[in-house]
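**Student:** One structure is given below, represented as C-alpha cells, and several questions about it will come after.
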Amino acid sequence: MTPEALLSALNWRYATKQFDAARTIPDEHWDALEESLVLTPSSFGLQPWKFLVVEDPAVREELKPASWGQGQVTDASHLVILAARTDNSDEDINTWIARLAETQNKSPEEIDMYAKVLTGFNGSLSPEQRHAWNSRQVYIALGQLMTSAAVLGIDTCPLEGIDTKAYDSILGLEGSGFATAVACALGYRAETDKYATTPKARFDRGQIIEHVVAE
C-alpha cells in the first residue's frame, strides 16, 4: 500500500450514520477484520478483552433501545461489542505467560523475569485501576478495527452512546469477568447518508503535532 492509498482510505472513512441494510460484508473480508482484532497490540501482550460479534437480529433489536435508538445497531452488516476484562487475576497472567512460552517455544523459566514484571505491575494497581487500564486497551483494538475496515473499503461507526450496563445484561456479560466498553457497527454507507460528503473538520497539523528535535 502506498502512502497516498493509506491517506485516501482514511479521508474516505467517516462515522457512518446510515448503513445500507441490504448490503453484507463478504465472508473473506470479515475473516480479515476478525483477524485484525486478534492481531491488535496490547500492553505486555496481555490482550485483556473479548469481542462479541452479534449476529442474532433479535439481540440487535434488543440492544437498539440501549443505544439511544441509533439505527446503526440494527442496520449495519455487522455489530461488534468490545468488552474489557473487569480485572486481571494471577490466573489470567499465568495463562498468557503459558501461551507466550508455547508460541515462542520457550520454557516458562526462560520468561520468568518477564512474568514477574507483569505480575508486579498488575499488583501495583487496584481492581478499579486494572479495569480502567483494560478499557483503555480496548480502544487500541477499536482503532485497529476501524482502520483495517477503511483500508478494505468498509464503513464503520464507533458507538459510545450506549448503556453499557444494559448491554452487559442483554449479552450475558454480568459476572463473566468482562464488561462492555464500546461498540462498533460495520457495513456499507447508505446513499442517503449526508455525512458521507461532509468535509472533515480537523485542526491543522501544526496545531496538534510537535517535533521534539535535538538542539
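**Student:** Any chance you could count how many residues in region 159-215 are aromatic (F, W, Y), exposed (fewer than 15 other Cβ atoms within 10 Å of the Cβ) and touching a residue at least 60 places away in the same chain (Cβ under 8 Å)?
**Tutor:** We begin by selecting, within region 159-215, every residue aromatic (F, W, Y); these are 167, 178, 188, 195, 203.
Now restrict to residues that are exposed (fewer than 15 other Cβ atoms within 10 Å of the Cβ): 195, 203.
With touching a residue at least 60 places away in the same chain (Cβ under 8 Å) added as a condition, the list becomes 195.
The qualifying residues number 1.
**Student:** Identify, from the list I140, I111, the residue that is part of a helix (DSSP H, G or I) and under 20 Å from V38 (Cα atoms). Full working, then the answer.
**Tutor:** Numbers: I111 fails: under 20 Å from V38 (Cα atoms).
Exactly one of I140, I111 is part of a helix (DSSP H, G or I) and under 20 Å from V38 (Cα atoms), namely I140.
**Student:** Same structure, new question: Are any residues in region 68-90 over 17 Å from the mean Cα position of the chain (by Cα), on the phi < 0 side of the Ramachandran plot and of a type outside the set (D, E, K, R), and if so, which ones?
**Tutor:** Pass one, region 68-90, residues over 17 Å from the mean Cα position of the chain (by Cα): 68-71, 74-75, 87-90.
Among the residues that remain, those that are also on the phi < 0 side of the Ramachandran plot are: 70-71, 74-75, 87-90.
Q70, G71, T74, N88, S89 - these are the residues of region 68-90 that are over 17 Å from the mean Cα position of the chain (by Cα), on the phi < 0 side of the Ramachandran plot and of a type outside the set (D, E, K, R).
Per-residue answers, yes or no, for (1) out of contact with any helix residue (DSSP H, G or I) (no Cβ under 9 Å at 6 or more places or on another chain); (2) farther than 30 Å from D92 by Cα:
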{"site": "S169", "(1), (2)": "no, no"}
{"site": "G177", "(1), (2)": "no, no"}
{"site": "T197", "(1), (2)": "yes, yes"}
{"site": "K200", "(1), (2)": "no, yes"}
{"site": "H211", "(1), (2)": "yes, yes"}
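**Student:** For region 179-189, enumerate the residues that are within 18 Å of F19 (Cβ to Cβ) and in contact with a helix residue (DSSP H, G or I) (Cβ under 8 Å, 6 or more places away or on another chain).
**Tutor:** Our first condition is that a residue be within 18 Å of F19 (Cβ to Cβ); within region 179-189, this holds for 182-189.
Residues satisfying the conditions are V182, A183, C184, A185, L186, G187, R189.
**Student:** Same structure again: Without any contact (Cβ under 8 Å) to a residue 60 or more places away in the chain, in a helix (DSSP H, G or I), under 29 Å from A201 (Cα atoms) and not aliphatic (A, V, I, L, M): is that true of S36 in this structure? Don't jump to the end; show me each part of the working.
**Tutor:** Details: without any contact (Cβ under 8 Å) to a residue 60 or more places away in the chain: no; in a helix (DSSP H, G or I): yes; under 29 Å from A201 (Cα atoms): yes; not aliphatic (A, V, I, L, M): yes.
So S36 does not fit the description; no.
**Student:** What are the residues in region 6-23 that are exposed (fewer than 13 other Cβ atoms within 10 Å of the Cβ) and outside any helix (DSSP H, G or I), if any?
**Tutor:** The one that is exposed (fewer than 13 other Cβ atoms within 10 Å of the Cβ) and outside any helix (DSSP H, G or I): A22.
**Student:** I've got another one for you. Return only the number of the condition from (1) in contact with a helix residue (DSSP H, G or I) (Cβ under 9 Å, 6 or more places away or on another chain); (2) in a loop (DSSP other than H, G, I, E, B); (3) surrounded by fewer than 15 Cβ atoms within 10 Å (Cβ to Cβ); (4) modelled with pLDDT of 95 or more that G69 does not satisfy.
**Tutor:** (1)
The values are calculated or read from the model by the stated rules, or taken from the named source; none is laboratory data. On a predicted model such as this, the values are computed, not experimentally measured, just so you know. FYI the Cβ positions are ideal-geometry reconstructions off the backbone, even for glycines, and counts take in every protein chain you see.
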